[in-house]
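What follows is a single structure, written as structure tokens, with notes after it.
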Amino acid sequence: MIFRDDKGKFPRYQTSIGKKLPDGTYDNAYIELKFKKGVELENKTKINITNGFLTFYQYTPKDSKYKVTVWQLFVLDFDTDSQERPQNPETEFQALNESVPF
């Protein structure tokens, strides 16, 4: 699911990942998404990323001498959730496993 933030000059996009902790609660983290020029999505759009890569940018906050690294996922191609795609998780995992170069 894509979360859109319209507070700045241009829309910003994020998605989240989470993990279940031993006590039954969850930790969540957000990762920024970048898209090709001209791509605009509504808030809470569900997509399936079919091609992309990890990238990052760094900045130094005020009153700090240390750089902060912000990870981003640059999305080259995607399908919306409404388009047809395999529904069997095992088949999807096998296809992903076969496409990984290592």
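The values are calculated or read from the model by the stated rules, or taken from the named source; none is laboratory data. All figures in this text were calculated on a predicted structure; none of them were measured in a lab. Cβ: placed from backbone, ideal geometry, glycine included. Neighbour counts: every protein chain shown.
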For the range 1-29 the number of residues that are of a type in the set (K, R) and in a strand (DSSP E or B) is 4
Which one is farthest from D77 (Cα to Cα), of the residues in the range 1-27 that are of a type in the set (A, V, I, L, M) and free of Cβ contacts under 8 Å to residues at least 24 places away in the same chain?
L21
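One line per residue, one yes/no per condition, for (1) closer than 23 Å to T80 by Cα; (2) of a type in the set (G, A, S); (3) exposed (fewer than 11 other Cβ atoms within 10 Å of the Cβ); (4) under 10 Å from the mean Cα position of the chain (by Cα):
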position	(1), (2), (3), (4)
M1	yes, no, no, yes
P11	yes, no, no, no
I17	yes, no, yes, yes
G24	no, yes, yes, no
G38	yes, yes, yes, no
T45	yes, no, no, no
I49	yes, no, no, yes
G52	yes, yes, no, yes
Every pair of residues 6+ apart whose Cβ atoms lie under 6 Å, when the first sits in the range 28-56 and is touching a residue at least 12 places away in the same chain (Cβ under 8 Å) while the second is in a loop (DSSP other than H, G, I, E, B):
K44/M1; K46/M1; K46/D81; N48/R85
Hey, does the range 55-64 have a residue that's of a type in the set (A, V, I, L, M, F, W, C), at pLDDT 95 or above and outside any helix (DSSP H, G or I)?
yes
Mind checking which residues of the range 26-36 are among the aromatic types (F, W, Y) and surrounded by fewer than 10 Cβ atoms within 10 Å (Cβ to Cβ)?
Y26
Spot the failing condition for V68; the list is (1) within 18 Å of A29 (Cα to Cα); (2) in contact (Cβ under 8 Å) with a residue 24 or more places away in the chain; (3) not aromatic (F, W, Y), and only one is missed.
(2)
What number of residues within the range 83-100 are exposed (fewer than 10 other Cβ atoms within 10 Å of the Cβ) and at pLDDT 60 or above?
2
Can you tell me how many residues in the range 65-75 are out of contact with any Ser or Thr (no Cβ under 8 Å at 6 or more places or on another chain) and either under 16 Å from N48 (Cβ atoms) or not in a strand (DSSP E or B) (or both)?
2
